[in-house]
Structures are given as structure tokens and as C-alpha cells.
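S.K.: My structure is below; once you've seen it, I'll send some questions.
The values are calculated or read from the model by the stated rules, or taken from the named source; none is laboratory data. Just so it is clear, the structure is predicted and the values come from calculations on it, not from any experiment. Glycine also receives a Cβ, built like all others from the backbone with ideal geometry; neighbour counts cover every protein chain displayed. Areas reflect the complete protein model, heavy atoms only, side chains present, ligands, DNA and RNA absent. Shrake-Rupley method; radii C 1.70, N 1.55, O 1.52, S 1.80 Å.
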There are 2 protein chains.
Amino acid sequence: MEPRRTTVEPPIHLKIADDIRLMIESGELAPGDSLPTLGDICEQWDCSVNSARGAISLLRSQGLITGGRGKAPVVRIPPGKVVRSSDRHQAEKDLAYRPEEERSKVGEAETNLGMSIENQQFSTKYEIVDAGTEIAELFGIAPTDEVLRRRFEATNEKTGHLLSYSTSYIPKVLIESNPALLDENNEPWPGGTQHQLSTVGIEIMCMVDQVTARMPTTAEAQLWGLPDGVPLIICRRISLDADDRNVEISDATYPADRTELRFVTPLEPWPEKPTPLKA
Amino acid sequence: MEPRRTTVEPPIHLKIADDIRLMIESGELAPGDSLPTLGDICEQWDCSVNSARGAISLLRSQGLITGGRGKAPVVRIPPGKVVRSSDRHQAEKDLAYRPEEERSKVGEAETNLGMSIENQQFSTKYEIVDAGTEIAELFGIAPTDEVLRRRFEATNEKTGHLLSYSTSYIPKVLIESNPALLDENNEPWPGGTQHQLSTVGIEIMCMVDQVTARMPTTAEAQLWGLPDGVPLIICRRISLDADDRNVEISDATYPADRTELRFVTPLEPWPEKPTPLKA
């Protein structure tokens, strides 16, 4: 990785961008406020129009402002964050034991999205495909072994933008004894994946979430309706059964400006109350 | 939030960037390879130099290439990812019960960074400060109540770049009965924070991690030595004691290109083996 060069006197557009960022952070410029015009910036910071443009462009790439490209830039209004908590894994597991009537009431939308289902359009696509090298390795199967690949998608009916997207993999051999599990027309399944797996005797005992982030591609930014400077959170969840086998892999992508992932880690108690321990 | 306008015919620089991205993803262009020159791009895609420059600039903002600004752009060599797993919370808790000799052997670096301590320079700064509105609310104390604020920092000795950075808060009233906990000269503390808290009778029973991501500011990109187009992962961890009180808040920042956060969620077993459940 190549570190940035550090210069004694930073270019003026960096200083301008930094000054404006501080104005945003201090609240001097509120969400929705217009930025100073190019002319104002040139006068106030005694710089060229190019430097003023460079500062605006940098603030946009940092996700602090929107507009531009013909529209006056304004301070971004941060969208509310949807919290997705790992608590729901246990809730979904408990639900798998409940009668179908009860399972049906808790919709996929509420358990998986944690948000109102208004204006959401869902689609699910099932396909039987070869595992491929990466997925096969995680399941301990051959790359040519078959897996059920499921794509879950929710879009905003009005804007057509993605709200939620994930791809899940399950080895076909684990679930083919129940043909209902291979048919996408049975979605949304009352009680979700953990109930589906329970019908073939599989109990999920542990989930491992692997989380990182990266910038979207141009196509992804369009699909999600992402402004410039907003990264995607990338999360792979591996579900393990009672025999410590990986039985499902789920790859999900979330827009970072609208998402908070929450993970709850309970700890085992100490074997006894600690009587004053030495430092 | 303002969605991007969708046009029937996307600008040529988007198409060029997309074509080159596919070449990178397919391996046709390998990490470290030079990109086609501006002249090559103009010829191959029949476009202006400005469009070629626009494509290169976009690929850089997406974190796919490095170089430029006078240097020839090359396909980024992705750095290895440091995995930070929530497993270490239980390991740290178990350690708090072990003799000091054993605790001393497991360095802060290994538990908190999961990487070799070679070439790392650590610093810790303790301060007693007012909680402030946001932190006070999480602790259920007054904004003017005092908290111990601790800043932990590890830098790469050679480059001076940050390797690890976090800020932690603990209400002073919880720990002041052991003055050793207020003195930064006792860092690195054998056994870490969970042992420190055990000396004042506090047992951590649960940790909640809140994870999101955003682009770095210019100053942050310089501190971390981040190339363009690499976001920061933002993680707030709240530690709860046996009385369900929030006793520590820890805010950490990680460069997304070098970090994978891993969270392990164990699930409670079903009350009994499910005999074939109805779909």
C-alpha cells in the first residue's frame, strides 16, 4: 500500500475542505444548508476557482455534501439508520419451534429488515448451481457439487432502488430430502431459514458474521441510489449446525449511510465471585 | 437522499471504468499491473483524453487502483486482512482469573490487535473529563459527571501511520476506589480492561458492538496512510456488567481494506429434538 505523501504546506483545496468540514461538524452549516458559492470560496480563502472546485469535489467524495453536477451543493441530510441486530438469530430460532400460525405472522420483512414493509417489493430467486471453488471450500465439498443458491431482494417500489440484498448458499445434499425447500414459490417461508432447515433435522447452533466495507462500483451505486462518498458494508454470515458443520453461507450488502449492524456477545460468568484480585 | 439520475446512454467514462473493473475482476489485469495508458484508452474506447482521465479518476475513488498524480496507475495490491474476532472477549474474561504471571505474558498487542507486535509503537493517554451529552446518556449519568477517557494508539514505527486507534470511556465513580486504574503509567495492564474492572468488583457479562462505515476525512486518510477509495469501519462497543449497566464504551476505527471484524453468535439449543415439524 502506498502512503500519501505528506507536504509541509498542504494544497489550498485540502485546507478549504477541512475548514468547511469543521463548519459542518460544529453545526455552523446545518444539514440541508447550501455551501458557500465558488465565488464566495475564492474570496474567503483567496484561491482560484479550480481550488474551490477541488474542495467541493473532495467534500463530495467524503460523503459530506450532495448536489453539484449543475445543482448547488448542500450539506448532506444523513438518512436514519436501520439497526440489524444479531439478537434476531435467536428470535428466529425460537420461532422455528412455534406453530405455523404464529410463524406466519412474523414476516420476513420484520425479522430480516427490521423496518416497515410499506413500499417494499420483495423477490426471491432459487437456483441449483455448482458450488464453485470459494463456496465449496467453506462447505468442505467439491466445486462441482450442487448448492441451492437463493437471492433475496427488496426494492423501494417508488424509486426502484435496492433496500436489501443477499445471496445464500446451502449444499443441496443437506436439504433435498424435503423438496419443498427447493421451490422458490414457497417463499416467504413461515419462520424463515431456521425453520426450513429444521424440517430436514438441522439445528443451527452458531452464526459467524464476517464484516468489512468497500466503495461501491458504479452499477452498485446506481442500484442502491447511493450518493458519492458512501461505502457499502459487506457481511458474510456462516451458520454452523450441532456437528460444527457449515450448513449455510449468506452474503449480504448494506449501504453504510443507512445501516448499523449490531452484534451481541454474551460472556460466560466467572467460575466464582472474584475476591479482590491483585493488579 | 438524492438518487443518481439514470440516463439511457451512460457517459463513456463510466463504461470505460466498468470495462476495466471487469478486466481486474476476471484477472486479465492482475494486482500490480499497469493500467492502459491514456493514449491506449482513447484509441481502444474511441474517446477524449478527458473521458479517459475521468475513468481513471473513478477507478481510483472506488479503491481499485493506486498511483496517478504523476505516477502511472496500477491495479491495487490488496493488503492482507487482520481478523478481529469477538471470541477474544471471552478469552480476555477468562484471563482475568489467571495469575498475574500468566496475564503478563499475553500482551495487549496480541489480544487487541491479533497481529505481531514488531514495528509497532504503542501509546496510551488517560484523562479525566466531563462525560458530555452523548456519553452521559449511554451511562445514565449527568453530562458534567466525570469519566476516565483512555486513548489507545498503535503506530507503525517505520511509516508513522496508525495501525490501531480507540477511545474508551468509563464513569470515574465506578473505578476510583482503585487509584491504580486512573494512572496511565500502569499500561499495558496485565490482562487488560476486564482484569482492571475485576479489581473494583465489576464483571462484564455482555458486549454489544455497533458497526458501520464511512469515508475518512483528509486528515484521517493521512494518519492511516489510506489510498483513495478506502472507507473506515466505525465500531462502538458497549460493555455491560452483571446488573445490565453500561460500564465501558469503546469507540474504534479500522481501515476497511485491512480489517475484517468477526462476530460469533452462539444460539441456545431447542428445548427438545424437533420431530418432523410441519412446513
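S.K.: Taking B:ILE41 and the conditions (1) free of Cβ contacts under 8 Å to residues at least 40 places away in the same chain; (2) in contact with a Gly (Cβ under 9 Å, 6 or more places away or on another chain); (3) buried (at least 18 other Cβ atoms within 10 Å of the Cβ), which numbered condition does it fall short on, given that it satisfies the others?
M.R.: (2)
S.K.: In segment A:160-180, how many are touching a residue at least 12 places away in the same chain (Cβ under 8 Å) and over 16 Å from A:SER123 (Cα atoms)?
M.R.: Count: 10.
S.K.: Still on this structure: Condition test on A:ARG258, is it under 17 Å from the mean Cα position of the chain (by Cα), modelled with pLDDT of 95 or more and not aromatic (Phe, Trp, Tyr)?
M.R.: No: the conditions fail for A:ARG258.
S.K.: Of everything in segment A:205-226 that's more than 7 Å from every other protein chain (Cβ to nearest Cβ) and within 12 Å of the chain's Cα centre (by Cα), which residue is farthest from A:HIS161 (Cα to Cα)?
M.R.: By that ranking, first place goes to A:PRO216.
S.K.: Taking helices (runs of 4 or more DSSP H) that do not extend beyond segment A:44-115, which have at least 1 residues that are at pLDDT 80 or above and under 24 Å from the mean Cα position of the chain (by Cα)?
M.R.: Output list reads A:49-61, A:87-95.
S.K.: Here's something else I'd like to know. For B:LEU95, are the conditions met, namely being assigned by TED's automatic domain parsing to the domain that holds B:ASP209, in contact (Cβ under 8 Å) with a residue 12 or more places away in the chain and under 28 Å from B:PHE263 (Cα atoms)?
M.R.: Answer is yes for this residue.
S.K.: If you don't mind, there's one more thing I want to ask. What number goes with the only condition from (1) open to solvent by 20 Å² or more (accessible area, probe 1.4 Å); (2) charged (D, E, K, R); (3) touching a strand residue (DSSP E or B) at 6+ places or on another chain (Cβ under 6 Å); (4) facing another protein chain (nearest Cβ under 7 Å) that A:GLU268 does not pass?
M.R.: Condition (3) is where A:GLU268 drops out.
S.K.: Could you tell me whether any residue of segment A:174-181 is facing chain B (nearest Cβ under 9 Å) and within 27 Å of B:PRO266 (Cβ to Cβ)?
M.R.: Yes, because at least one residue in segment A:174-181 is facing chain B (nearest Cβ under 9 Å) and within 27 Å of B:PRO266 (Cβ to Cβ).
S.K.: Here is a follow-up. For segment A:187-204: of the residues being within 7 Å of chain B (Cβ to nearest Cβ) and of a type in the set (Ser, Thr, Tyr), which is most open to solvent (accessible area, probe 1.4 Å)?
M.R.: A:THR199
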